[in-house]
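See below for the structure under consideration.
Bear in mind that the values in this text are calculations on the coordinates, not laboratory data. These figures come from a predicted structure and were not determined experimentally. Cβ: placed from backbone, ideal geometry, glycine included. Neighbour counts: every protein chain shown.
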Amino acid sequence: MGVLGEAYRVAWGDLVYIKENLPEVLVTTLVGPLLYLLAFGFGIGRSVSGDPDAYMAFIIPGIVALTTLSSTFSTVSMKVLIQRLFYMSFDELLLCPVRISSIVLGKCLAGVIRALLSCSLLIAVGRIISPEVSLDPLVLVVVLAAGLTFSLLGLLAGILTDRTQRLNMFSSLVIVPMTFLCGTLFDVDALPEAASWVVYALPLTHVSELTRGIMLDTGIPLDSVVILCAYMAGFFALAWWLIKTNRCRGKSSIDLKENLQLIRRKIIYLSENGHISGMTLTPEGYRPRLIDKDIEEMLSAFGAVSIEGPKWCGKTWTARNHSNSEMSVAGKTGPLRNRDIITQDPRKALEGDTPHLIDEWQEIPALWDDVRADIDDRPGPGRYILTGSSVPCRGEYVHSGAGRICSLPMRTMTLYESGDSSAAVSLSGLFDDEIPMTDCGEQSLERIADLVVRGGWPAKAGDGAPMKRNPVAESYVRIAVDDACRLDGRARNSNKMEM
């Protein structure tokens, strides 16, 4: 594919916008030039001494020239600035396999089209108003060159400015003076000599000279052709160099290119080292839980098992006891979080030897649907184990998972699981008047009180330390309440939740 083909694809979105909104584009582009024509051609031109028709013929080429500036610069510069600083789509474009010259031309193409459309209509209107105006096709070549030049200027302004205020200041200090001083509405020779030299160095002056020379049949000034081409080539080369050397980012923008490269390196790292595969994941010191039997049974019947329960009750350790690989959504390997990797490529969360554990899946609720879809595509029991402290609102994922994912509730440790009870006495049996004659050992009231207030968290089980108060429980409640509000975003009464 050639440069022009790539440029067309870069500009495709802008061209579609022009096509779908052509009336609005033409109206907004022509209002200013038509007001200049009315105010200066019919207003001031009729009130001054001399031939008003001659002045009308003089300013029509000038208004065509200034339209090549007004219809291109603001549109291109503001669009590029917004794409760089707010949407980051300009940085995404740099990642595409296209030539830099194609990016430069593609970003200018919409401005050139706007200039050709608006100037063509103005030339036709000018011919109707003033018969002295010639319809030489060469003027469209000048419009094309001028539109590209000022579009390139807009591209440079959008690249070099990092705030909309600075772009507006550039327009006020450069674009507005060029609009009025560069021979569009009066002869540059009328200015003081020093000012005329400065104005003569500006590109719009030479666009005015060329359009006027062609439309009024006064000859084509070759020096203006050379200067306009020099501006065009210089602007193009500078824009190409800024993009090539990666100087097209504002200070406040994110380095998306480097970030995506880092994510790619992380994905490669995880695919090679990030999943603990082919070995038991049972943590050292793991205490068997009553739910272990249920997990084994459900894994033999369902494609996935979701272990749901309160924070810190041991869901992850228990799930590891039944898993051969793991991906922790909330984990971190190197400088990036696993969540960033999964967001870029959700398939990475599903890779690993089965049963594959996806811990804290609720951080990315769409993983529920991904797991369900993968089970549909590759049927079989015991594929996944999902764990998470909080289940997101149903609206954040689509399918219930019925028939594919089995939900198992998990609670904190019982005294039997923590090793503080022999389970010789059944609580339900006591209510049925079953009182076994067995030695349960001696337990002091202080020890029983400690067991009551300690809680069934695995990390506190078996430490034997007496607790006069339970700061762990107090902190646990506060964190659980805050996290529940964070996950679903609903307004809740924290006092009621703590109760």
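Multiplying the residue separation of residue 447 and residue 168 by 0.36 nm and removing their Cα-Cα distance gives an extension gain of 93.0 nm. Listed by Cβ neighbour count within 10 Å, with the fewest neighbours leading, 387, 149, 245 appear as 245, 387, 149. Using C-alpha pairs below 8 Å separated by at least 6 residues, the relative contact order for the stretch 297-365 is 33 percent.
With 24 Å as the limit on Cα-Cα distance, the pairs of 107/348; 19/79; 244/348; 107/244; 79/348 that go past it are 107/348; 244/348; 79/348. Taking 7 Å steps out from each Cα toward its Cβ at residue 330 and residue 244 produces label points 5.0 nm apart. A Förster radius of 41 Å, combined with the Cβ-Cβ distance separating residue 428 from residue 343, puts the computed FRET efficiency at roughly 0.30. Calculate the spin-label point distance for residue 187 paired with residue 15, positioning each point 7 Å from the Cα along the beta-carbon direction, and give it in nanometres. Those two pseudo-labels are separated by 4.4 nm. The gain in end-to-end length when the residue 366 to residue 88 segment is fully stretched comes to 97.7 nm, 0.36 nm per residue minus the alpha carbon separation. Rank the residues 431, 302 as a footprinting-exposure proxy: fewest other Cβ atoms within 10 Å of their Cβ go first. Fewest to most other Cβ atoms nearby, the residues stand as 431, 302.
Here the extension length gained between residue 220 and residue 35 equals 63.8 nm, from 0.36 nm per residue of separation less the Cα-Cα distance.
Could you tell me whether the stretch 140-190 comes out rounded, prolate or oblate from its Cα gyration tensor? Rule is a ≥ b ≥ c as square roots of the eigenvalues, rounded for a/c under 1.5, then prolate if a/b exceeds b/c, otherwise oblate. Oblate, because a/c is 1.5 or more while a/b does not exceed b/c. Ranking 87, 109, 71 by how far each Cα lies toward the positive end of the dipole of the stretch 35-169 (charges on Cβ) leaves 87 at the top. Counting neighbouring beta carbons within 10 Å and listing from fewest to most, the residues 284, 209, 297, 434 come out as 284, 434, 297, 209.
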